[in-house]
Amino acid sequence: MDSISPKYQMQLIQEVEKVLWDTYSSYKNVRYYIEKWHTDEWYDDFNKNENFTIHNKESGEIDLPRTLHSMDGETLIKVAIDIGVETPDFIPSIPTFRNEIKADYPSASATFEKAFKQIEEHPDISIGLANSALESIVKEILKDERIQVQFKSTDTLYDLTIKLLKDFKLFPDAKLPSEIKTIGSSLLAINQSIEKLRSEKTNLHGKAKGDYVIEDSIYAYFIVNSVATVGLFLNSFYKKNYPPIEINDDESHDDYDLPF
């Protein structure tokens with residue numbers, strides 16, 4: 001993560017600094033927050049390893065810009081995500097996806113926000129929530145009366161994806177051009193993998209001793225970003241083929257017209 005450009009890091013630090021002051025208001029509270037990210041370990045009587053340095057002004061108050069600049073790229077990204085600063089150069093699909101679903105899919109939006117915030121601390125929970133958010137979006141699309149597909153409340157993400165792709169004419173059957181079959185097969189494989197990870201590699205379903213559970217946040221970053229990418233495509237495809245029905249204002253008042 002330290003490979004991100006210095007220009008981007010400078011911009012990110014400015015945004016993080018602003019949000020920290022807006023959120024915590026005082027030097028004391030900002031220091032408390034920053035200290036929760038700080039780790040140090042003495043390796044002899046005089047020296048210690050720190051993940052970053054907390055700098056102070058002459059007055060003794062935290063020098064926040066200088067402290068943020070001492071952070072490595074990974075820690076800086078983690079802080080940004082934790083306080084809700086968008087990081088489009090790191091996980092590009094997520095900011096767009098969050099804005100897209102906020103109004104049209106409020107339930108999925110709330111679930112995805114929880115997934116986003118759990119990436120670092122609970123990667124397996126984050127993956128499970130991301131799966132649920134995508135599942136919720138597909139169900140909402142399938143509820144459109146113009147889509148002639150029946151689904152059950154117990155259908156999994158994989159089941160729902162098959163039904164949606166069939167309606168979208170993207171299901172990988174023999175009649176489709178190879179390029180379209182590839183798109184359909186890829187979408188189906190991605191959603192099936194997300195579902196399997198949720199079911200088999202997280203604590204959301206009971207686990208026995210020795211069972212593997214995802215604990216590395218890098219997998220959660222990948223899955224959450226994949227969900228955002230797939231969700232954006234499905235929602236865009238849906239809106240293109242089933243555009244919102246506009247209600248004519250004149251027609252909407254016809255029932256209120258009096259016969260005299």
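The values are calculated or read from the model by the stated rules, or taken from the named source; none is laboratory data. Keep in mind it's a predicted model, so treat the numbers as computed, not measured. Using ideal geometry, Cβ is built from the backbone for each residue, glycine included, and neighbour counts are taken over all protein chains shown.
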>> If Ile147 meets every condition in (1) surrounded by 14 or more Cβ atoms within 10 Å (Cβ to Cβ); (2) free of Cβ contacts under 8 Å to residues at least 40 places away in the same chain; (3) part of a loop (DSSP other than H, G, I, E, B); (4) not acidic (Asp, Glu) apart from one, which number is that one?
In response: (2)
> In segment 115-142, how many residues are in a loop (DSSP other than H, G, I, E, B) and at pLDDT 95 or above?
Replying inline: 0
>> So in segment 225-247, with the set limited to residues that are modelled with pLDDT of 90 or more and aliphatic (A, V, I, L, M), which one is surrounded by the most Cβ atoms within 10 Å (Cβ to Cβ)?
In response: Val227
> So which pairs qualify, if the first residue must be in segment 181-195 and within 11 Å of Asn131 (Cβ to Cβ), the second must be outside any helix (DSSP H, G or I), the Cβ gap must be under 8 Å, and the two must be at least 6 apart or on different chains?
Replying inline: Glu195/Thr156
>> For segment 248-260: of the residues being in a loop (DSSP other than H, G, I, E, B) and over 38 Å from the mean Cα position of the chain (by Cα), which is modelled with the lowest pLDDT?
In response: Phe260
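Table: residues versus (1) at pLDDT below 80; (2) in a helix (DSSP H, G or I); (3) exposed (fewer than 13 other Cβ atoms within 10 Å of the Cβ); (4) not small (Gly, Ala, Ser).
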| position | (1), (2), (3), (4) |
| --- | --- |
| Trp21 | no, yes, no, yes |
| Asn29 | no, yes, no, yes |
| Ile34 | no, yes, no, yes |
| Leu68 | no, yes, no, yes |
| Val79 | no, yes, no, yes |
| Glu86 | yes, no, no, yes |
| Phe90 | yes, no, no, yes |
| Asn99 | no, yes, yes, yes |
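Quick check on my filter: what residues within segment 61-71 are without any contact (Cβ under 8 Å) to a residue 40 or more places away in the chain and in contact with a helix residue (DSSP H, G or I) (Cβ under 9 Å, 6 or more places away or on another chain)? Walk me through it before giving the result.
Just the residues of segment 61-71 that are without any contact (Cβ under 8 Å) to a residue 40 or more places away in the chain, to begin with: 61-63, 66-67, 70-71.
Scanning segment 61-71 gives Glu61, Ile62, Thr67, Met71.
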>> When you check Ile180 against the structure, is it under 25 Å from the mean Cα position of the chain (by Cα) and either buried (at least 19 other Cβ atoms within 10 Å of the Cβ) or assigned to a helix (DSSP H, G or I) (or both), yes or no?
In response: no
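Residue-by-condition table, conditions (1) over 10 Å from the mean Cα position of the chain (by Cα); (2) more than 14 Å from Asn203 (Cα to Cα):
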residue	(1), (2)
Glu100	yes, yes
Tyr105	yes, yes
Ala115	no, yes
Gln118	no, no
His122	yes, no
Ile127	no, no
Ala133	no, yes
Ser136	yes, yes
